[in-house]
Each structure stands twice: as C-alpha cells, then as structure tokens.
Amino acid sequence: MSNIQYFQRFVPKKQAEEVSNKIVWSYTRVSSKDQFDKNSSVERQREANVAYANAYAYEITEHFGGTYESGKSDWTRKEFKRLIEKIESSRKKPYAILVYKMSRFSRTGGNAIGLVNYLTEDLGVILIEVCSGITTATERGKAAIYESLFHAFKENLEKKEIVIPSMIASMKAGNWMGVVPFGYDQFGRKVRDEHRIAFKQRIEINKDGELLKEAWQWKATGLYSDAQIITKLAVRGLVMSKQRLSDMWRKPFYAGILINSLLECPVAGNWPPLVSHEDFVKVQHILEGNPSGYAQNKDEDQRPLNRLLKCNDCGGYMVGYLVRKKGLHYYRCLQCNGVSINAFTTLRAKKRGAHDLFMDFLSSFSIADKIVPLVKMQLTKIFNQYNQGNVQIDDAVRKQLQTLEQQKKQLQIRHGLGEIDKETYYLTHAHLTEKIVDVTRELNTLTRPILNLEKLISVSLKKLQNLSEIWASSVLETKRRIQKTLFPEGIFYCVQKHCYRTQKMNAFIALTHSISIEYVTKETRTFDGISGLAPPSGLEPETL
C-alpha cells in the first residue's frame, strides 16, 4: 500500500497576493447645488478618501467629481463620464477607485452593477467603499458592493414615491419648481438669498423683466430680428446673449404657463406673465417660419441697398452679389469697370463698406443739438405760412364748389317750376356737373392744412436725429421703405471720392438740411423773420 502523503509535494502552494500597483483615483459627489454650497460633504468625502489611501500606503494621483451631479443617471454626469473614459483610455490603469460610499458612485441599480462588473472584470480596476472598507477584490466583497448599489437604487426609488406626488400637487396649484427664469425674482422657503425667504412662494418681475416685456412686444410685431432686439436691450442697459434670448422665446413660463414632464397638461402659474397668450402664439408662428407665407431671401437681408444704389458714372443700378469662397457681399456696376464696393466694412478694408457709408450719409442730415430749437422755430414759421396759404386756396376752391352746387340746385328748381325749357335745362345741368367734377378733382389734389404742427415737427426732428440708428435696427422691408421715402430716385456712388450723392431727396429733410446748413455757414445771423425758404408742394413733416 502506497503512502498517500508522498503526493503532497505535487499540491500547488498558495502564495499571498501582493499588490504591486499602489496608484488609486478618488471620486466624490453630492446630488444638489444646495448640498454643495452648505454642508461641505464633498470636502469630507475627499478627506476620508485621502486618509484611507494613507492608511493603506496607496497614492492618489487623480481626483474626479468634486461637484454636484444627480445620481439618477450615470452618463449625464460629466465628471463621472470623464472618470470612466479616463480609465478606458489609460495604458497604466489605477489599482482602484476610492468612493466614500456606494450611493455617491451611482443610484441606478442594475446599470451601476453592470458598470462595476465591467470595471472589475474587463478593465481590472477594483472599487473600494472607504466608509466600510469593502472592495470588489473578492467575490464576497463584490457581492456586498452590489447589494450596497441596489440598496442605493431602492432608497432613491422610495424617495421618489414620497416626493414626486407632493411635487405634482404643488405644481398643479400653480407653484414653480426650481430656479425661476431670467427676468424674475423668487421668494419662498428654499431660496438662497436670505432677503427673499418667505413662508409662501411668490414670483415677481424684476427690472430686467420689465425690459424683457418690451422685447416680447418687439418680437411679436415681426419687424425685429434677435440681433436687433439684443442691440435695443443693450442700449437700455440689459446685455443678453443670442442663446439666452432664443431660449426665452420658447419658454411658456413667460406667458404665465407651467410646463413640466411630471404634469400631463399645462397649468396656469402663480406669477405675472411678461407676454400675453396671443402674443406668445404670434412669436411661435414667427419662429416657425413666417406664417404669412412670405419667404425672405437671407442673402437679400445682407444687401438692403439693392434697387437704391446707382453708379455715379453711368446712372445704372449697382447689383449686389455674394462671393461664396470669401463669404463676402459686394455691390458693383455691370456697365462700368472698377465700380464696386464691399457691402460690409472688413478688417482688412481701407475704406468703409457700403452699409456703414450709407449710415454716415444718413447721419449727415442730423442737426446739431444746439440749433434744434432754432430749426424747430424756423420750420414752424415756414409751415404756418404754408398752412395759411393752403387754407386760403382751400377756402377759395370750396367756395367755388358751393357756388356751383347752389347754381345746380337753382337750375333744378326753375326746371321744376317750368321757367326754362327741357333742352336748356339739360345743357346747363351737364355744364354745371362737368364744372363741379373739375373743381372736386382740384380740391382732392390740394394738400390739407397740417394739424398738430408742433407735435409733428418735434417727432420728425427726433427721427431725423436718429435716422441712421432707425435704419440700422430695421428689418429689410422697413429699410427699403425708409430708403424709398428719403431718396425716391436712389443715391449715386462715386467710386473716385468714395461717397454718396443724391439728385432728389425727401422734401422735409431737404428743407431741414438747408436751414441747418444756412445756420452753420452764417452763425451770426438771427432768424427773426420769415425765411425765404418755402416748402415744396405736398410737403409734410410726417412723411419721415
């Protein structure tokens, strides 16, 4: 009988596993910004991870997290995603990831368990729960980690079952959940500003919101682009990015409506709206693409001076076009060589672009502030004289019309009394009718006396002072209406002197410009009498 102990020499001997890789990484997290700001949990987690590493002679070479990220989803957390991607891409991977507690690592249950298994089995990186010392290095430890992750998932689910129904009830009552959008101040129990702590939620429009009210009105008209609205707000002291403004147009909150994924239908909110429901709908139609069906060419937006700009050499229209390789817009004369101009002023350009040059041209018609009262006084005198002449002509024509109508009436009476024969009646009646038609036509061609003269002049002068800004902030169609009103026969570009000229302009700005120039050239002169300048036929300040 053989001695079985002889075979003991062939039994493999177990050697204690020694960890040669002492490199570990640390991950910390809290769920909300409020926790991050108030309870210093992230710092305590990091301190615990560092203490654990020191106790077991590990070296922490990288820290991840350190911020607030919700644990309900793994791949929406930027720092968590960065941690996993760094492990996957690193040639020399860390021995372990230190997490103070598994609920800080993830609360997604089955997904978290699958991720831990992927880290341990496929990537060879273990997970260590610092508060308990449990690791995935052993099967028993791995099972304990899985149980901890599932417990965190179950705990999160129980919270939802309690919290979500109360949240839904509160929102159905019109209360807002979370931070209020820009333009409002929130008062309540859970606010950061101690001056806004209140027993009951209250949401009020602040000074920025009052300006945003105007922005909604501008947008609802369909006449202003976002860029123009941003400029108008900036002038009033409110700086907004195009992304924030674009986001605002799409938020029902500003119409006083509460929308939430937890609610099956919209709810009227307990806060004052910045825009009416009707105007909110108008803005949505505008955003969806011009409900009138008019499709505007974007290239045309970049070349508003088409059908206005003419060549000073040949008198023909200059044509706008786009050089796609450069992404630049130009105007050029099709008949004359070398007559072209950039639409926009570029960084490398030695001369101003056509649009900036046009704004300079419009600015040349503005009046110095110091002489505005004088120009207003002179215009008032001129238009009073103009009014007086119109009234006299109008009275004379109306008197003639009354006389003819009276004669026609007398003719009909005499015919009825048998004082005149039938042939004479018809001849005379036709003659009087023809004259009445002629006089009525003449009366309709007369310019009516200007009412509210002082107000009209004041408004027109104010617009004249800001003519270039009004043009720049207008949409394409409005720009073209302004151009047609001011320069009905177009403007001429002189390439030699790089300037604009005009042969005919709006009568009101021509008169105002003439008075201004006369004053500038003869500053010592006083305007106490009626100026020799007379307004052209059909002139009214309101044409501006």
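The values are calculated or read from the model by the stated rules, or taken from the named source; none is laboratory data. Since the model is a prediction, treat every value here as computed from it, not as a measurement. Positions of Cβ are backbone-derived with ideal geometry, glycine not excepted, and every protein chain shown enters the neighbour counts. Only protein heavy atoms, including side chains, enter the accessible area calculation; ligands, DNA and RNA are left aside. Shrake-Rupley method; radii C 1.70, N 1.55, O 1.52, S 1.80 Å.
Per residue, segment 214-338 exposes an accessible area of 59 Å² to a 1.4 Å probe, with every protein chain left in place.
Scanning residues 5 or more positions from residue 67 or on other chains, those with amide H under 5 Å from its amide H are 30, with H placed 1.01 Å from N in the peptide plane. Between the beta carbons of residue 131 and residue 164, assuming R0 = 45 Å, the FRET efficiency works out to 0.95 to the nearest 0.05. Phi angles across segment 239-256 convert, under the Karplus curve 6.51 cos²θ - 1.76 cosθ + 1.60 with θ = phi - 60°, into 3J(HN,Hα) values of 9, 10, 7, 5, 5, 5, 5, 4, 5, 4, 4, 9, 9, x, 3, 5, 9, x Hz, Gly and Pro given as x.
Here the gap between residue 442 and residue 344, fully extended at 0.36 nm per residue and compared with their Cα-Cα distance, gives a gain of 30.5 nm. In order along segment 322-332, the Karplus-derived 3J(HN,Hα) couplings, from 6.51 cos²θ - 1.76 cosθ + 1.60 at θ = phi - 60°, round to 10, 8, 5, 4, 8, x, 10, 9, 9, 10, 8 Hz, and Gly and Pro are given as x.
Under a 5 Å amide H cut-off, with hydrogens placed 1.01 Å from N, residue 328 pairs with 323 among residues at least 5 apart or on other chains.
Quick one: net charge of residue 196's neighbours, Cβ under 9 Å, K/R +1, D/E -1? Here the charged neighbours net out to -1. Modelled label positions at residue 204 and residue 262, each set 7 Å beyond Cα in the direction of Cβ, lie 2.7 nm from each other. Accessible surface ranking for 347, 476, 1.4 angstrom probe, highest first: 347, 476. The slack between residue 285 and residue 177, meaning 0.36 nm per residue of separation minus the straight C-alpha distance, is 36.1 nm.
The gain in end-to-end length when the residue 235 to residue 192 segment is fully stretched comes to 12.4 nm, 0.36 nm per residue minus the alpha carbon separation. Highest mean packing comes first when the peptides 273-284, 81-92 are listed by Cβ atoms within 10 Å, giving 273-284, 81-92. Between the beta carbons of residue 334 and residue 363, assuming R0 = 41 Å, the FRET efficiency works out to 0.90 to the nearest 0.05. Annotation: residue 131 carries an accessible surface of approximately 70 Å², with a 1.4 Å probe and no ligand, DNA or RNA atoms counted. Taking square-rooted eigenvalues a ≥ b ≥ c of the alpha carbon gyration tensor, is segment 172-329 rounded, prolate or oblate, where a/c under 1.5 means rounded and, failing that, a/b exceeding b/c means prolate? In terms of gyration-tensor shape, prolate.
Converting phi to 3J(HN,Hα) with the Karplus coefficients 6.51, -1.76 and 1.60 and the offset θ = phi - 60°, segment 257-269 yields 10, 9, 10, 8, 5, 7, 9, 7, 8, x, 10, 6, x Hz in sequence order, with x at every glycine or proline.
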